[in-house]
Every structure is written in structure tokens, then in C-alpha cells.
Amino acid sequence: MGEKMFKVGKIINTHGIRGDVKVLRITDFEERFEVGSTLYLVDAKEQESIPLEIETHRVHKGFDLLRFKGYGNINEVEVFKGSFLKIKESQLTELPDGEYYYHEIISCEVYTVDGERLGKITEVLAPGANDVWVVKRSKGKDALIPYIPQIVKQVDISEKKVIIEPMEGLLD
């Protein structure tokens, strides 16, 4: 299978007739769609990945519009619909301490400082200044954990474990 790959977007439609595709962004880094960078198109069956170089990028109504080098016509990109755009593990950016990729955080088990298991992180929201981690609990509704030092005390990616100190009202 080779190098591990990570999804950065999904092609949901074509746009116009000159080969633009409409992409739903799944990445946390805007520079993924910089002109000149390479993404890998992986079809629904995950059979093959085609390297595509980004020729143009603009944002339109909340979606990213990309055009790929050598694909200047709607007929050439029509087949891309429903496919995912991925990057290789070697294209991941080195992150500063205390910052994590979404894929590293999702599926981590969350415990309180007292050792009580809360549940598993199912998604990361980025509503504003801080990310918010959604924790699926075994019973009751999901807990929303803001990623701030007062609450998140320890993140161990290799063990897939997060330890938090819940503030009052956080887990009600």
C-alpha cells in the first residue's frame, strides 16, 4: 500500500466548464490548497491515486474551487466527482508542541484527572479562538471539551489518551 495518506478534501461537483472542481474541505490547513502543491485523487474504491497539481484555487460560497494542471475541461474532471483528495504522510507539516492534527485527536479516549473514562473524541470543531473536541459518552449527550490548558491536562497521541480537568458545568 505504501505511504499512509490523509484526506484533505472531497470533490463534490464540477464548477463551470473549464475544469474547476468544487471541494469540501476536510483539512485544518489552508496551505493544502496552495497553487503548485500536489494532491492525490483517490477514487471511491481507493484503488488508485492520481497525483494532481493545483493550478488555481479560490474560495466560493464556503467551498474551495480548484483547477488542476492539465485538466482544463469539465469533461476531464466530471469523473472526479465523489472522490477524495489526499496528501501523503510525508507532506504533513511539522507541528509545534501542543498542536495536533485532527486525525491524531479523533478516536482518543478521554479520562478525567480522577481516572474516570468519559468517552471517545469523535470530531473536532473549530468555531473560533479554540478548537472544541466532541466526546461521545457511553450514556448521555456528547461532551464538548474546549482545547485550553485549564481543561486539557495531557495529550498522549501514541496511547490515544487525553486527560482533562473538567470545569464546573462542563459535563452536565
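Here are a few things to note about the model shown:
- Relative contact order, percent, the chain [alpha-carbon distance under 8 Å, six or more residues apart]: 18 percent
- Shape category assigned to the stretch 102-164 from the gyration tensor of Cα positions, a/c cut at 1.5: rounded
- In terms of packing, defined here as the mean over residues of other Cβ atoms within 10 angstrom, the peptides 68-78, 82-92 line up highest first as 82-92, 68-78.
- Helical runs (DSSP H, four residues minimum) scored at -39500 (n - 2.57) apiece and divided by the length of the chain put the mean residue ellipticity at 222 nm at -500 deg cm²/dmol.
- Take the Cα of Asn73, step 7 Å toward its Cβ, do the same at Asp172, and the gap between the two points is 6.3 nm.
- Anisotropy class of the chain from Cα gyration tensor, a/c 1.5 cut: prolate
Since every read-out is calculated from the coordinates, none of them should be taken as a lab result. A quick note: this is a predicted structure, and the numbers were derived from the prediction, not measured. Ideal geometry is used to build each Cβ from the backbone, glycine not excepted, and the neighbour counts take in all protein chains shown.
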